[in-house]
1. So I have (1) 30, 27, 22; (2) 43, 22, 20; (3) 34, 25, 18, and one of them is semi-axes √(5λ) of the Cα gyration tensor in Å calculated from this model. Which one is it?
2. Mind ranking 172-182, 215-225 by how tightly packed they are, going by the mean number of other C-beta atoms within 10 angstrom, highest first?
3. Subtract the Cα-Cα distance of residue 352 and residue 86 from 0.36 nm times their separation in residues, and report this length gain in nm to one decimal.
4. By a straight-distance test (C-alpha under 22 Å), which lysines pair with residue 223 as possible cross-link partners, with residues fewer than eight away in the same chain excluded?
5. Among 41-48, 149-156, how do they line up from the highest to the lowest mean number of other beta-carbon atoms within 10 Å?
6. Collect residues whose amide H, placed 1.01 Å from N in the peptide plane, falls under 5 Å from the amide H of residue 87; neighbours closer than 5 in sequence don't count.
7. If you average the alpha carbon positions of region 34-79 and of region 208-236, how far apart do those two centres end up, in angstrom?
8. For region 193-200, take each phi angle, set θ = phi - 60°, evaluate the Karplus expression 6.51 cos²θ - 1.76 cosθ + 1.60, and give the result in whole Hz per residue in order, putting x for glycine and proline.
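Any read-out appearing in this document is the output of simple, stated calculations on the displayed coordinates, not a laboratory observation. Being a predicted model, the structure only gives us computed values, none of them experimental. We place every Cβ from the backbone using ideal geometry, glycine too, and count neighbours over all the protein chains shown.
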Amino acid sequence: MSLDRRRLAWLAAGGTLATAAPSWLGAGGLPTPGEIVDREDLPAREASWYKKLDRLRVECQLCPQGCVVADMERGTCGVRENRGGTYYTLVHSLACSLHADPIEKKPFFHVMPGELALSYATAGCNVECKFCQNWEISQFRPEQVQGYWLPPESLAEMAKRAGAKLTAATYSEPVVFWEYVRDVATAARKAGLRPTIVSNGFIQEQPLREVLPLLDAVKVDLKAFTDAFYQEQVRGKLEPVLKTLEIVRSAGVWLEIVVLLVPTLNDSEDEVRRLAAWVKEHLGTEVPLHFTRFHPTYRLTNLPPTPVETLERAWRAATAEGLHFVYLGNVPGHPAESTRCPGCGEVVIERMGFRILRNALADGHCPKCRRAIPGVWA
């Protein structure tokens, strides 16, 4: 369901919220939640993670790009701007996409199966994946994408009205709207919702640790297990992402990992085995690992979709390394979409695409052998 339709439902229900007016609105009063924001007057708000330098420059301390930004310039993400030596985020409360999705679409397979997540995004990203599915918003600046005024409290209230039990920062890259993620998570928890994020994991340690306690689940897109892939196909680095995975896991926040297997670039059995071995050693055998099917898009249209046989080979390799929960994605109806008990092999959650056909879990345990199945079930 699109933001426009959700806004109509909100207005029809007579929903209004008392929210402090941002400075960019002046004396005109609050817009209705969901109202289109003037692209020439973005809602600037001082950023939280940066350092002031000499000559009105700033150093962004949010992601590993570590941008040093001159006055009136922006960082790599295009959504944070230096104005006279003060760094601003231009996308706080400026949602450009909002949908009520099944949580399986993120994908989270061990988080409240069958429930809806109100998913939201702003423009911008701190990397450029050549295979990005959402490049129309991730690779554009906020003034190039239609944005809607949606403060955190409004978003949380919309989620409840939509029947969602979770929120999910997703679609583009939550790291570049990290202040918004923090404030939405706070509002969501107050409203009895579970906040989650879907991220590339390319973030510095301090902002990650500050926001992690507010989150119930994190899904990280691990693009590959070689730095060459990150440099050539993503414009990023592998090591900071691996560090993020370790921090999330050690913090006790539920973690799932997705790897998009791109033919000839990151789909070799050797790379998959090394990746799975690293996950086992550094994160443990219980972290779900999803291998998903690539489809040509954005700047990578010269390669074919990933053969199902390649996905199945990756599944076998990761399972052979000892991981207990390995899944295949973008192949609806495949048996590897379902969750099996590592103890007895019983199918405890049966899936078809984003639909739950059967959930046999009993208080987070296998109904047959009573082995605990880790996740966020309640």
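1. So the structure-derived entry is (3).
2. The densest-packed peptide leads the list: 172-182, 215-225.
3. Using 0.36 nm per residue and subtracting the Cα-Cα distance, I get 90.8 nm.
4. Reachable lysines: 105, 106, 130, 237, 243, 280.
5. Values: 41-48: 17.6, 149-156: 23.5.
So the order, starting with the most tightly packed, is 149-156, 41-48.
6. 47
7. 21 Å
8. The phi angles translate into 9, 9, x, 9, 9, 10, 9, 7 Hz.
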